[in-house]
Amino acid sequence: MALGCADGIKESLLLQKLPPPTLLLALDTNLSLARRAARRLHAHHKIPRKVDLTSTFTFLNPRLKNKNHQSLQTLPRLITLFGVLPNLNPLPLLRRLAQQMHPRDLLLFSVNLAPGNSSFAGARKVLPQYDNSTTRRWLEAAVKRYRPKLPPGTLEFGIHPDPNQNSLARIEARWICQKSTRIVFASRRPTASQVNSWIRATRLRTTARFSEPYGEEGLWLVSY
């Protein structure tokens, strides 16, 4: 189950290491992207669906059967969640996933990390990856295209506490106008220990963990 799959590029790299699944659900907030991912990914049966990642995940339990009339709900599932956690409130998202998981299910998710032991100190180290001329041009163009009613203003990047967890740093791009300020982009940067605390809170179990040498990206494989 490719959750928040976009066009399925990351999932396709993973599937190169795995046998084709019996059923693949390509799930994204954009149905056209989910359909593109379904075409890209190899599986015996494929279903693209538009989903709301902030709602109850009942779509993770489709009432489907294989050719032997065996319910697919009884088969173990690998759920992937790549590039989503920075953009949504992470703990409620993981809790909703945990509520829909069965024994033998696995969840593989990626996290943009704050390197080190402090979310705010780590976020300051990676801030130049966001606050640069290339990202500014892209974001300013996106603001003009998708939010044309915003009054003229300037784009400012900064690090702020997440409104749901004060110890969690959130890199924000704010559109500063004369009379108002709008958040047009936000990305959470937790430490590895904060991610581990979310997993414990959902009563999931870490099966494996991977991180790149600089500690800025991580992968967690967790089980029910």
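The values are calculated or read from the model by the stated rules, or taken from the named source; none is laboratory data. The structure displayed is predicted, hence computed values, not measured ones. Here Cβ is always computed from backbone atoms with ideal geometry, including for glycine, and neighbour counts include all displayed protein chains.
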Report task. Only residues that are modelled with pLDDT of 95 or more and outside any loop (DSSP other than H, G, I, E, B): list them for the stretch 67-89, please. Result -> Leu78, Ile79, Thr80, Leu81
Query raised in the report: Restricting attention to the stretch 158-175, does a residue exist that is touching a Lys or Arg at 6+ places or on another chain (Cβ under 7 Å) and assigned by TED's automatic domain parsing to the domain that holds Ser110?
Result: no
Query raised in the report: Does the stretch 146-157 contain any residue that is over 21 Å from Leu53 (Cα atoms), touching a residue at least 24 places away in the same chain (Cβ under 8 Å), among the hydrophobic types (A, V, I, L, M, F, W, C) and not in a strand (DSSP E or B)?
Result: yes
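Each row is one residue, and each column tells you yes or no for (1) surrounded by fewer than 16 Cβ atoms within 10 Å (Cβ to Cβ); (2) at pLDDT 95 or above.
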{"residue": "Ala142", "(1), (2)": "yes, no"}
{"residue": "Arg147", "(1), (2)": "yes, no"}
{"residue": "Arg170", "(1), (2)": "no, yes"}
{"residue": "Ser223", "(1), (2)": "yes, yes"}
Query raised in the report: Restricting attention to the stretch 90-125, which residues are part of a helix (DSSP H, G or I) and crowded, with 20+ Cβ neighbours inside 10 Å?
Result: Pro90, Leu93, Leu94, Leu97, Ser119, Gly122, Ala123
Query raised in the report: Given Ala208, Ala201, which one is assigned by TED's automatic domain parsing to the domain that holds Phe109, under 30 Å from Asp105 (Cβ atoms), over 17 Å from the mean Cα position of the chain (by Cα) and in contact (Cβ under 8 Å) with a residue 60 or more places away in the chain?
Result: Ala201
Report summary line: Those residues of the stretch 8-26 which are touching a helix residue (DSSP H, G or I) at 6+ places or on another chain (Cβ under 6 Å) and modelled with pLDDT under 95 amount to Leu23
